[in-house]
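Take a look at the structure set out below.
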Amino acid sequence: HYGGGGRGEGRGGGGGCTGGGNLGCSPPVGPKWDRWDMAGSTYAYCYAGCHMPWFINNRVRYNLSAYAGVVGVDHYWTGQGVPCTDGQPHEFAMQDALADSWKEHFPEMRFLSYRIPSAVPYDAVIRAKIVSDPDFFVRWKDEPDAQTKQAQQCPASGPGNCSRGAVCYNNISPCFNDVHRINAPNHSCSFKIQAAAYNWLNPAVGPWYIDAVVLPSLVHGDGIWLDGNGYDNGAWMCSGICCGFDATNSPQTAAQIAAFCAAQTAVATSAREQLIARGGFDGLNCVTFMVGSLPQAEDAPAACAQKLQATAVWAANHSNYHAVVAYGYDTGAGGYNSSTAAAAVAAFLLMRGQHWL
């Protein structure tokens, strides 16, 4: 019950390859997390849509100032750091500014910034590291053969050309390689934004990643929503971890891929431990998302009562979970609609335990 799963970018399990696993989780700490009131007992993820603009516009009209929910914010919601400023993307600063803006209206809300264990340079701090320390990233030790170049869609020249010693980049995903998306000319970036893979086998990479990418989420917000690094905007073709790529058509050997997965899990585990110790949280991988086992509007009375009682017993034992989202998936709602929301709230109040959202 400690798992999550990324929004299509890597639903890696405990092995933590296309994701960082879910080790290192524990209940969130501090008074801002220890809430039983409804104002502080909601979860939402801002991706394709988001409730926050409506809440802000209607805060006074509906007396919503006490709202203190947990909100994860996807990188697509903040534009993936573009348009660029002085040629540089600034995703982290955009998430920080959004956290400050929302907290002006709702000071006790908890804001979880999007992070990913692939080196997506939609923030200048990651771009600068790729330029200054290429050994922090998976590189082509030797120039690949023609079949691998075809699979990797290597360009003839420029970044991502798969030449010997070059950093490996995602030349495949539309999010980086469709000229109408993040690398559109009107975004005014000085370089092509493409995901690379962190070289987790370099022992200096993990501490840098935690200090430069993860922990700054606590300055303006309250932690992270740590996605996976599989299909979409990860660099799975460089690490060879999934999706048709392995030791036969990536820069890494089979032994390196196995070690990469173990090291990535260790870094993500340490990141969560440090976040939680500082009052933060990982809002994806340390949460149990419950929908199907909960009372539903279509249930017969006996089935509804049985589900409610069974879940209430489970909820009473906090060792079963760290945090729970009821009637919701990692990125959206489930199990109710506007006509059954009141009943879902009633069931939630009857069966919930501590740290339920």
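Worth a mention:
- Of 59, 11, all but one fail to be within 19 Å of the chain's Cα centre (by Cα) and either within 30 Å of residue 262 (Cα to Cα) or modelled with pLDDT of 95 or more (or both); the exception is 11.
- Of all the residues in segment 314-347, those that are surrounded by 14 or more Cβ atoms within 10 Å (Cβ to Cβ) and either without any contact (Cβ under 8 Å) to a residue 60 or more places away in the chain or within 24 Å of the chain's Cα centre (by Cα) (or both) number 22.
- Segment 253-298, subset among the charged types (D, E, K, R) and open to solvent by 40 Å² or more (accessible area, probe 1.4 Å), residue nearest to the chain's Cα centre (by Cα): 273
- Given (1) modelled with pLDDT of 95 or more; (2) assigned to a helix (DSSP H, G or I); (3) in contact with a helix residue (DSSP H, G or I) (Cβ under 8 Å, 6 or more places away or on another chain), number of the condition residue 80 does not satisfy: (1)
- Given (1) open to solvent by less than 40 Å² (accessible area, probe 1.4 Å); (2) under 19 Å from residue 91 (Cβ atoms); (3) part of a loop (DSSP other than H, G, I, E, B); (4) not β-branched (Val, Ile, Thr), number of the condition residue 160 does not satisfy: (2)
- So residue 67, is it of a type in the set (Phe, Trp, Tyr), without any contact (Cβ under 8 Å) to a residue 60 or more places away in the chain, surrounded by 14 or more Cβ atoms within 10 Å (Cβ to Cβ) and part of a loop (DSSP other than H, G, I, E, B): yes
- Residue match in segment 305-313 (condition: open to solvent by 60 Å² or more (accessible area, probe 1.4 Å), among the β-branched types (Val, Ile, Thr) and more than 19 Å from the chain's Cα centre (by Cα)): yes
- Matching residues, segment 94-131, being open to solvent by 50 Å² or more (accessible area, probe 1.4 Å) and basic (Lys, Arg): 127
The values are calculated or read from the model by the stated rules, or taken from the named source; none is laboratory data. These numbers come from a predicted model, not from an experiment. Here Cβ is always computed from backbone atoms with ideal geometry, including for glycine, and neighbour counts include all displayed protein chains. The accessibility values were calculated without ligands, DNA or RNA, using every heavy atom of the protein model including side chains. Shrake-Rupley method; radii C 1.70, N 1.55, O 1.52, S 1.80 Å.
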